[in-house]
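Below is one structure, written out as structure tokens, with a few remarks after it.
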Amino acid sequence: MKPPLHQPTSLAEACELLDTLEETMVYGGGTAIQILIKQGVLFAGNLVDLSRVPGLAEIEETAEGLRVGPMTTLRRMETSEVVRRRVPLAAQTYGHVANPRVRNTASVGGNIAHGDYRLDPPTALLVLGARVELTSVRGTRTVPIRDFFVDFQVTAVEPGELITALHIPAAPAGNSSTFVKMSSLGENDWPAASVAAQVDAERRTLRLGLGALAHVPRYVEVPLDGGGVDAAVAAATAAVEPELDPIPDVRGSADYKRKLGLVATEDAVRRAWEEAR
Amino acid sequence: MKLIQLTVNGRRYDVPVDDDELLLDVLRDKIGAYSVREGCGVGACGACTVLVGGTSVSSCLARAVRYDGAELTTADGLPEDDAVVTAFVESRAMQCGYCIPGFVLMAHELLAENPQPDREQIVAHLEGNICRCGTYQEICRAVEVAAERRARA
Ligand SMILES: Cc1cc2nc3c(=O)[nH]c(=O)nc-3n(C[C@H](O)[C@H](O)[C@H](O)COP(=O)(O)OP(=O)(O)OC[C@H]3O[C@@H](n4cnc5c(N)ncnc54)[C@H](O)[C@@H]3O)c2cc1C
Ligand code: FES
Ligand code: FES
């Protein structure tokens, strides 16, 4: 049972195929799908490849930040001048995914739709308050990224829908942020814990995105009441701790990842704070 | 089966491929580019690296049909006096050599983007390639030598 690969040449045709064919699956960069096939765990009747649909790989500067097409590669998010200027946290985080070859092929849409709890980019997108644009024959709707990761490998993408854009607001002036990734097997392996952190100009709010530390990427917002960096670290770790529910695997036991999650949280808060000075 | 057109190292090939055939298998079995090798098969080792219009791709995760019309470079297509290849040879950067075509192509991509990389940038670009013989020090040195040489040429 090899699912056929359909190659639509317009968005309307892609939506039509997703609506009419049985058990469809969107094919983005294919880096996750090809591995699922090799592992014998891909359950799809038809693959709908987006690589021939024009206009899906554009990065546009908008008043609030960026509108990113779903077929934009992760490597372009890392290297593009406009991404680095408008949303440096996103550029930094995308640059930490896998290795340059995977980043050259993997797509922004496929990355979040993959829905894996260990993905790095969601940590930054959660902090930045990105929005996901979903399109189907029924029309277009927008889902905040903070509502996008529903459950273990379940996202808000409904049958027949595809991601047509990611809207990423730029952080207001004076904010500072960073991304910390801790891997236990190799420098560019999946993380055992990752944290994106942002502190606002007034140092009133800390925004944290957690990767690999629960069944879904998690967002944690921490109000600060004017203390220094040590108070911010204490508030952050106290807020993060109850959110930690890591899955044990070859990269570490649940206990190990829980500890690493707190270390990554502290590191990220201190570095973001340092940046802000 | 679909007929696709690939330009590999400047030569044009019209090849019939199945929907799900990997670029890796097409290059080896239908075109004879044996410098493209399978290691991990999951994007993590770089033995199967090819350049598509100058951009590195793991051919083990790439479906050939999606590369219809593409211009590919594989390591066996590089000229004998290629600055990167000669630097690898002179730096004694290979033991068994299995991984080397991948490293050479990653080095080409890096030097095209950044002709004078420092050690940290070299490591960051090559760290997704695995050498089971462990000649990493020599490989990094070879990339530095190639960069110096290209600057002088
Ligand atoms: C060696 C290796 C190491 C890795 N390490 C990391 C790591 O350290 N950190 C990390 O974050 N990730 C890592 N990854 C995962 C990588 O980020 C994902 O494989 C990649 O982002 C998936 O994107 P894609 O475009 O290739 O998706 P695809 O394989 O094309 O698709 C993945 C899923 O998304 C769906 N999909 C694709 N596009 C759309 C769309 N536009 N709309 C709706 N659904 C869509 C597909 O149907 C499928 O369910 C690694 C992968 C590899 C191979
Ligand atoms: S065989 Fe393709 S990256 Fe290892
Ligand atoms: S030289 Fe043997 S694997 Fe690298």
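The values are calculated or read from the model by the stated rules, or taken from the named source; none is laboratory data. All values reported here derive from a predicted model rather than from experimental measurement. Neighbour counts run over all protein chains shown; Cβ positions are idealised from the backbone, glycine included. Keep in mind that these areas ignore ligands, DNA and RNA; they rest on the heavy atoms of the full protein, side chains included. Shrake-Rupley method; radii C 1.70, N 1.55, O 1.52, S 1.80 Å.
What helices (runs of 4 or more DSSP H), lying completely within region B:43-153, carry at least 1 residues that are within 16 Å of ligand 2 (Cβ to nearest atom)?
Details: elements: B:83-90, B:100-113, B:119-126, B:136-152.
Where helices (runs of 4 or more DSSP H) fall fully within region B:43-153 and carry at least 1 residues being within 16 Å of ligand 2 (Cβ to nearest atom), they are B:100-113, B:119-126.
Within region B:83-102, identify whether any single residue is away from ligand 1 (no atom under 16 Å from the Cβ), in contact with a strand residue (DSSP E or B) (Cβ under 8 Å, 6 or more places away or on another chain) and either of a type outside the set (S, T, N, Q) or in contact (Cβ under 8 Å) with a residue 12 or more places away in the chain (or both), and answer yes or no. Steps first, please.
The initial filter retains those residues of region B:83-102 that are away from ligand 1 (no atom under 16 Å from the Cβ), namely B:83-98, B:100-101.
Then drop every residue that is not in contact with a strand residue (DSSP E or B) (Cβ under 8 Å, 6 or more places away or on another chain), which leaves B:101.
If we keep only those that are either of a type outside the set (S, T, N, Q) or in contact (Cβ under 8 Å) with a residue 12 or more places away in the chain (or both) too, we end up with B:101.
Within region B:83-102 (the criterion being away from ligand 1 (no atom under 16 Å from the Cβ), in contact with a strand residue (DSSP E or B) (Cβ under 8 Å, 6 or more places away or on another chain) and either of a type outside the set (S, T, N, Q) or in contact (Cβ under 8 Å) with a residue 12 or more places away in the chain (or both)), the answer is yes, since at least one residue qualifies.
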When the residues of region A:48-62 are filtered to those that are away from chain B (no Cβ under 14 Å) and touching a strand residue (DSSP E or B) at 6+ places or on another chain (Cβ under 6 Å), which remaining residue is surrounded by the fewest Cβ atoms within 10 Å (Cβ to Cβ)? A:60
Matching option when the condition is more than 14 Å from ligand 1 (Cβ to nearest atom) and without any contact (Cβ under 8 Å) to a residue 40 or more places away in the chain, among B:68, B:76, B:25: B:25
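If you scan region A:33-47, which residues turn out to be within 10 Å of chain B (Cβ to nearest Cβ) and either open to solvent by 30 Å² or more (accessible area, probe 1.4 Å) or part of a loop (DSSP other than H, G, I, E, B) (or both)?
Going residue by residue through region A:33-47, those that are within 10 Å of chain B (Cβ to nearest Cβ) are A:33-35, A:37-39, A:47.
Those that are within 10 Å of chain B (Cβ to nearest Cβ) and either open to solvent by 30 Å² or more (accessible area, probe 1.4 Å) or part of a loop (DSSP other than H, G, I, E, B) (or both): A:35, A:37, A:38, A:39.
On the basis of being farther than 27 Å from residue A:36 by Cα, without any contact (Cβ under 8 Å) to a residue 24 or more places away in the chain and not assigned by TED's automatic domain parsing to the domain that holds residue B:19, does residue B:113 make the cut? I'd like the intermediate steps shown before the answer.
Details: farther than 27 Å from residue A:36 by Cα: yes; without any contact (Cβ under 8 Å) to a residue 24 or more places away in the chain: yes; not assigned by TED's automatic domain parsing to the domain that holds residue B:19: yes.
Yes; evaluated as a whole, the condition is true for this residue.
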If I ask for residues that are open to solvent by less than 20 Å² (accessible area, probe 1.4 Å) and out of contact with any Lys or Arg (no Cβ under 8 Å at 6 or more places or on another chain), which ones from region A:63-79 would you list? A:68, A:69, A:70, A:72, A:77
Counting only residues that are open to solvent by 10 Å² or more (accessible area, probe 1.4 Å) and either under 22 Å from residue B:2 (Cβ atoms) or away from ligand 3 (no atom under 13 Å from the Cβ) (or both), region B:39-50 contains a total of 2
Collect the residues in region A:81-106 that are outside any helix (DSSP H, G or I) and either touching a strand residue (DSSP E or B) at 6+ places or on another chain (Cβ under 6 Å) or assigned by TED's automatic domain parsing to the domain that holds residue A:186 (or both), keeping them in residue-number order. A:87, A:96
Looking only at region A:203-222, filter to residues that are in a loop (DSSP other than H, G, I, E, B) and among the charged types (D, E, K, R); which one of those is surrounded by the fewest Cβ atoms within 10 Å (Cβ to Cβ)? A:204
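Can you tell me which residues in region B:20-37 are away from chain A (no Cβ under 11 Å) and either assigned to a loop (DSSP other than H, G, I, E, B) or open to solvent by less than 10 Å² (accessible area, probe 1.4 Å) (or both)?
Start the filter on region B:20-37 by keeping residues that are away from chain A (no Cβ under 11 Å), which leaves B:25-37.
Hits for region B:20-37 are B:26, B:27, B:32, B:33, B:34, B:35, B:36, B:37.
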